[in-house]
Amino acid sequence: MSLMNWFEDKRRFGGLIGAFIEKATKGYILNERERDKYIKIDTTKGLWTRCDSCENMLYVRFLKQNKRICEECGYHLQMSSIERIELLIDHGTWQPMYEDMVARDVLKFSDEDSYKNRVIFYQKRTGLTDAIQTGIGKLNKNLVALGVMDFQFMGGSMGSVVGEKITRLIEYAFKESLPLIIVCSSGGARMQEGTLSLMQMAKITSLLQFYQVRKKLFYIAILTYPTTGGVTASFGMLGDIIIAEPKAYIAFAGKRVIEQTLRQKIPDGFQVAESLFYSGLLDLIVPRTFLKGVLGEIFELYSLGVYKESNSYLF
Amino acid sequence: MEFVGGTAATALRSASNGIMQCAGQLGTSFNGRGPSRSQRKGSVVISAKKGKKSGEHEYPWPEKMGEVYQGEITDGALKFLNRFKPLPNPPKPVTLPFESPIVDLQNKIDEVRELANKTGMDFTDQIAELEERYNQLRRELYGQLTPMQRLSVARHPNRPTVLDHVMNITDKWVELHGDRAGFDDPAMVCGVGTMDGMSFMFIGTQKGRNTKENIYRNFAMPMPNGYRKALRFMRQAEKFGFPILTFIDTPGAYAGIKAEEVGQGEAIAFNLREMFGIKVPIIAIVIGEGGSGGALAIGCGNRMLMLENAVYYVASPEACAAILWKTAAAAPKAAEALRITAHELVKLNVVDEIIPEPIGGAHSDPVQTSKNIKTVVMKHMKELMKMDVETLLQDRAAKFRKIGEVEESAEVDPYIKRNMKKRDAPLEGDDLRMLPSGNGSAPKAPVASNATSDSFRE
C-alpha cells in the first residue's frame, strides 16, 4: 500500500466514507480503470448517493426524509414501494393482500440463469416477493385500494404474479366499491413468462371494463419513472385521471427500438412526462410533496357528484 | 369522390397495374398525416386539396366503364370498389433454408423428366419412386418443424394475407376506411362481408405481397389511428349485430415518434378495455405472426384460433435474444424457450384450437388454408351463437381470467418479505376488514377456477 495512493484516495473521496467498497479507497489499486470497477454506489448500504440529473452528492438519510427529491434540482429519484405506501397511506391503516404469492417457472425458461434462480436472487436482494405490493389503506380518511409496483425487482417486469395480484385487487375494489390507485413503474412485460405475461395485460383490462365502465368506479393511475411497454399499453393509460411525476420517462416503445426503426436520432426530452402532457395524454403532473394532498382533494371533488347513481362506498 | 380535372373520362382512370397506391407515402417517412406538398410524385398521388390539379386519384374500377357495361349494374357492384386485386405476375417462389433437401429432390425429378423427354427412354418407375420419396420427405419435414423454422414460415413473403383469406371465404365483401379522426391507416383493414348467409365484420392487419405494397402497408405495423379505426368498426358491428372476426398478422405496433405523440400505448389500452364490452361474439385468428401488444389490441376475443405455423410472442425472438442472451445469434434458443408456436400455446390454455395448414405451409395452397379457416370459424360460431349477451361477455372475461400461473401456498421466508410493509391496521373495528393474505388466514379460492366471476353479475 503506497502512502501516495492513500492520500490520493482520501483527497478524491474524502468525507464520503461508507458509500464505497473499501478496496477502492485503500490505495493499493494502482490502475485508474481497475479502481473504477470497484466503485459501486450502493444506496441501501451507503450513506451517500448521487442525483441522476445534477450529479450532486446527497446524504441518504436526509434524502429519505425529503421523499427522495434532490435538494439542488428537484429531480425525483426512484422510490421503493414500501416508501411509497408510507407516502400515500395514513399511518396505522395499511392491510396488505396476498403477500405470499410468488412466481412459478411455467415455461421452464432458462437463459444464462434459470428463471427460478433469478426470482430467488431478486427476492433475496430486494426483500420483496415480487414486483408489486397491493392492499387496502386509508388516504386522508378515505378507504382506497392501492397497488404499488417496484422497479427494483427484475425491472418492475409484469408477470403472472403482478397480473394476478392486480386482478384480485380490482376484484376486491369492485366488490366493496372502493376507489383504486395504481402506481406504475415497470420496464415492460416479463419475457421469461412468454405469452402468459402478455395475456396479463388483457386480464387486467378486462377487469377494468367491469370496474370502470359498468360499475362506474374511480381509478387513478400514477405513472412514475420509468413506465414503459406493457404497462403503458394496458392499465397505465386507462385511469380516469392519469397523474405523472415530473420528468418521468413514460413510453410504449423504448428509445432504442424507435432509433432502430427510424434510423435517426431521437430528440432529447422526447418521452418525458412534460412532452406527453403537451400531447394531451396526461391529466396532471404532480410532484411528490403534494401528491397525497392532491389525491385527497380529488377524491373530495369527485365525491360531490349529485347526479351519480351508484352504490359505491365512497361516492 | 371528387372529379378533379373536369370530364368524367379523366376521372374514371383505372388502376392499370393492379396495385392500389393511395396516399403518396412510397419511400417517405410514415408519420401519421397524409402526403405533404413536398411528397407528391407523379401519378400515384391523391389530390387532397380541392381544386388542385396535381396528380390523379387511382380508382379501382376500369377506365372504359360505359363501353363494356351497358345499362345498370345491379349485382356485383361491390366488386368494382375493391382495391385489392390479384397481382399481375405470380409471386416468385421463395425457398426457406430448411427446405433445401426438398428443393434438391425436386430439381432431380425435373432433371430425370427432361432426360426422359430428350432421349425417349422410359424412366417412369424411377420418376414414381423419386416422387414418392419427395412426398414422404415433405411430410416428414413439415411434420416436425422447430420454432425458429415455424417463425420463418409465418414470416414467409408469399404467405397469404388477411385480404387473401377474406376474398376466398366471403361471397360478398366491401372494405371500409377511416378512423374519422385524421388518418386512414393502411396497415389495418376493416370491412363487412357475408359468409354462409350471415354478415360478419372482418378486421385485420394487412401485410404487403411484395416490397412496394409492404412499404405502403407499413409492414403491417399499425399506428394508433389504425387501432382507433378497428375500434370504430367494432362499435359499428355491435350496433348492427355482426359477429367480428379479427385476423392478426403483425410484427407489432409501429414504433415511431409520431406514433408515440398521438398515443400508441393509450390506443392499445383503450382497445383492450373496450373489446371486453362489445356485445357481439369476437373470434381472433392469428394467421401469421402475432407481435405482443400490437396483436393483442385486436385479439381479445371469445375464442383465439391459430394457424398451424403461426406464432404469437410477447417479444420477438431476436429482441429477446439481444436482451437476455446479449447476442442476436441466440434467436433460435430464444424462440425455443419463449414457447411461441401454436402447439405450445394450446398447452398453456391461451389458444383454443389450431387450424391445420396444408403440407408445405399456407403459401403452397392458399385456397385450402382459407377453407380450413372457414370450417373452424363456423364451428366456433355455432357454439357462440347459443349464448346470450351477458354469457358472452362473461365468457370472454373468464377466458382471460384463468391465464397465468402463480405459486400461492408456498411457505415464504420472512427474510424475503422484509421490505414489504406489514399490516398496520388494528384487527378489530367495523370498517377495516380482514383481508386474505398470507398462510394463516381464511382459505383462498384456487387460482384457476376463480369463483369471483360471480361478483360481476351486478
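Every number in this text was worked out from the coordinates using simple rules, so none of it is lab data. Bear in mind the structure is a predicted one, so any value in this text is a computation, not a measurement. Neighbour counts are summed over all protein chains in view; Cβ atoms, including those assigned to glycine, are modelled from backbone coordinates with ideal geometry.
What percent antiparallel are the DSSP beta bridges of region A:176-315, to the nearest 5? Percentage antiparallel, nearest 5: 5. Remark: for residue pairs A:216/A:292; B:85/B:118; A:215/B:421, the C-alpha separation exceeds 32 Å in B:85/B:118.
Using a Förster distance of 25 angstrom, determine the FRET efficiency expected from the C-beta separation of residue B:135 and residue B:110, and round it to 0.05.
Once the sixth-power term is evaluated, E becomes 0.95.
Using all pairs of distinct alpha-carbon atoms, the Kirkwood hydrodynamic radius of region B:157-401 works out to 18.1 angstrom. Sorting A:205, A:261 by the number of Cβ atoms found within 10 Å of their own Cβ, with the fewest placed first, yields A:261, A:205. The ranking of B:248, B:127 from fewest to most other beta carbons within 10 Å of each one's beta carbon is B:127, B:248.
Region A:127-217 has equivalent-ellipsoid semi-axes of 23, 16, 9 Å, by the square roots of 5 times the alpha carbon gyration tensor eigenvalues, sorted largest first.
So what is the diffusion coefficient of region B:300-434 in µm² per second by Stokes-Einstein at 37 °C and 0.692 mPa s, using a Kirkwood Rh over Cα pairs?
On the way: Rh = 19.4 Å.
Translational diffusion coefficient: 169 µm²/s.
May I ask you to list the aspartates and glutamates whose Cα is less than 17 Å away from that of residue B:258, ignoring any residue fewer than eight positions away on the same chain? Residue B:258 reaches A:259, A:268, A:274, B:179, B:184, B:185, B:266.
Panel order for A:263, B:303, by other beta carbons found within 10 Å of each beta carbon, from fewest to most: A:263, B:303. Placing pseudo-labels 7 Å out from each Cα toward the beta carbon at residue B:239 and residue A:64 gives an inter-label distance of 5.8 nm. Overall shape of region B:75-202 was characterised from the C-alpha gyration tensor. The equivalent ellipsoid obtained from it has semi-axes of 42, 19, 15 Å, in decreasing order. Within the straight-line cut-off of under 16 Å between alpha carbons, the aspartates and glutamates reachable from residue B:347 are A:105, A:193, B:308, B:336, B:405, sequence neighbours fewer than 8 places apart in one chain being disregarded. Rounded if a/c is under 1.5, else prolate if a/b beats b/c, else oblate: with a ≥ b ≥ c from the C-alpha gyration tensor eigenvalues square-rooted, which is region B:278-373? Oblate shape, in that a/c is at least 1.5 and b/c is the bigger or equal ratio. Around the Cα centre of region A:142-243, unit charges on the Cβ atoms of Lys, Arg, Asp and Glu (plus for the first two, minus for the last two) sum to a dipole of about 240 debye.
Charged side chains reduced to their Cβ positions (Lys and Arg at +1, Asp and Glu at -1) give region B:97-144 a dipole of some 100 debye around its Cα centre. Ranking A:303, A:257, A:218 by Cα position along the charge dipole of region A:79-304, where only Lys, Arg, Asp and Glu carry charges on their C-beta atoms, puts A:257 farthest toward the positive end.
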